[in-house]
Amino acid sequence: MESNIIKPEMIEARSFEIIGEELGDRKLDPRYELIIKRCIHTSADFEYADSLYFADGVVEIIKDAITSGACIVTDTRMAQAGINKRRIEAYGGEVLCFIGDEDVAAEAKSRGVTRSMVSMEKASRLGRPVIFAIGNAPTALMSICALKEQGILTPAAVVGVPVGFVNVCESKEELIESGIPCIVARGRKGGSNIAAAIINAIQYQLPLKKL
């Protein structure tokens, strides 16, 4: 029985081989290939080969932000949990999520807005560079764009991949049009797992700095 058990690293390697085989002669932009393939690996959905939008230079911007100690702020605990923290923390950053904070919940209730919106406002007060990884809440993207327009927030970059039906497509297009460096899964698809996969795919290209 034990002889039939495949090691985790072998499963991942074989999975990426299968992805390459199924893509066939399809040529992906080498700047984004690792990111696209990791999204496919995470979801088993080959539509990500077509739906992912990358602003010019965004991958290098995110790499530079991580190595400069930027925080990563997510809109869900799931995305926060899914991001590998070893490199982020080694470079002086943190992976944060404010969605469950008592002050966020209380303010959202008193104002009649979503906790995701208030979470983004709280992130704007961190006083340090922030990369946003949004996989669930369109209102988080809308809040980021509004805060940027008001001059309150200048994100290092945004991974905008909320999943769903209400204001999802619209919020993603608003993010693209905002001029903020971003990676977006156009259309209805996305999710916290995709947000985490994109951040991981980028940070795995960086050297592992010793703590």
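The values are calculated or read from the model by the stated rules, or taken from the named source; none is laboratory data. Please read all numbers here as calculations on a predicted model, not as lab measurements. As a convention, Cβ positions derive from the backbone with ideal geometry for all residues, glycine included, and neighbour counts pool all protein chains shown. Side chains are part of the model used for accessible areas, which takes the heavy atoms of the whole protein and leaves out ligands, DNA and RNA. Shrake-Rupley method; radii C 1.70, N 1.55, O 1.52, S 1.80 Å.
The relative contact order of the range 58-103 comes to 44 percent, based on Cα pairs under 8 Å that sit 6 or more residues apart.
Seen through its C-alpha gyration tensor, with square-root eigenvalues sorted a ≥ b ≥ c, the range 79-123 comes out prolate because a/c lies at 1.5 or above while a/b is bigger than b/c. Using θ = phi - 60° in the Karplus curve 6.51 cos²θ - 1.76 cosθ + 1.60, the 3J(HN,Hα) couplings for the range 47-54 round to 5, 5, 5, 10, 8, 6, 9, 10 Hz; x is entered for Gly and Pro. 3J(HN,Hα) along the range 26-37: 4, 9, 8, 4, x, 5, 10, 4, 5, 5, 4, 5 Hz, from the Karplus curve 6.51 cos²θ - 1.76 cosθ + 1.60 with θ = phi - 60°, whole Hz, x for Gly and Pro. Descending by average beta-carbon neighbour count within 10 Å, the peptides 106-113, 142-149 line up as 142-149, 106-113, the highest first. The ellipsoid that matches the Cα gyration tensor of the range 30-128 has semi-axes, each √(5λ) in whole angstrom, of 28, 18, 13, with the longest given first. Where the alpha-carbon atoms of the range 1-60 are placed on the principal axes, they occupy 49, 25, 17 Å, in descending order.
P(r) for the range 81-162, from all Cα pairs and a bin width of 10 Å, is 18, 50, 29, 3 %, short bins first. Taking amide H as placed 1.01 Å from N in the peptide plane, residue 72 has its amide H under 5 Å from the amide H of 94, 95, 96, 131, each at least 5 places away in sequence or on another chain. Put a dot 7 Å past the Cα of residue 64, heading toward its Cβ, do the same for residue 204, and the two dots end up 2.5 nm apart. When only alpha carbons are used to place a centre, the range 106-135 and the range 148-182 end up 13 Å from one another. Can you classify the range 143-204 as rounded, prolate or oblate using the Cα gyration tensor, where a ≥ b ≥ c are the square roots of its eigenvalues, rounded means a/c under 1.5, and otherwise it's prolate if a/b beats b/c and oblate if not? It is oblate, given that a/c is not under 1.5 and a/b is not larger than b/c. Couplings 3J(HN,Hα) of the range 197-210, computed from phi: 4, 5, 4, 5, 4, 6, 5, 5, 7, 9, x, 7, 7, 6 Hz, in residue order, whole Hz [Karplus 6.51 cos²θ - 1.76 cosθ + 1.60, θ = phi - 60°; x for Gly and Pro]. Put 76, 42 in order of accessible area, highest first, and with a 1.4 Å probe you get 42, 76.
Relative contact order of the chain, please, whole-number percent, based on alpha carbon pairs below 8 angstrom and at least 6 residues apart. Normalised by residue count, the contact order of the chain is 24 percent. Go from 0 up to the bin containing the longest alpha carbon distance in the chain, width 10 Å each, and give me the % of pairs per bin. Per 10 Å bin, starting at 0, the Cα pair percentages come out as 9, 35, 36, 16, 5, 1, 0.
Maximal additional length on extending the residue 128-residue 18 stretch stands at 35.6 nm, based on 0.36 nm per residue less the C-alpha distance. Taken along the Cα-to-beta-carbon direction at a fixed 7 Å, the label points for residue 44 and residue 154 span 4.5 nm. Among the protein heavy atoms of the chain, carbon and sulfur supply 52% of the accessible surface, probe 1.4 Å, non-protein parts ignored.
The gain in end-to-end length when the residue 110 to residue 77 segment is fully stretched comes to 9.6 nm, 0.36 nm per residue minus the alpha carbon separation.
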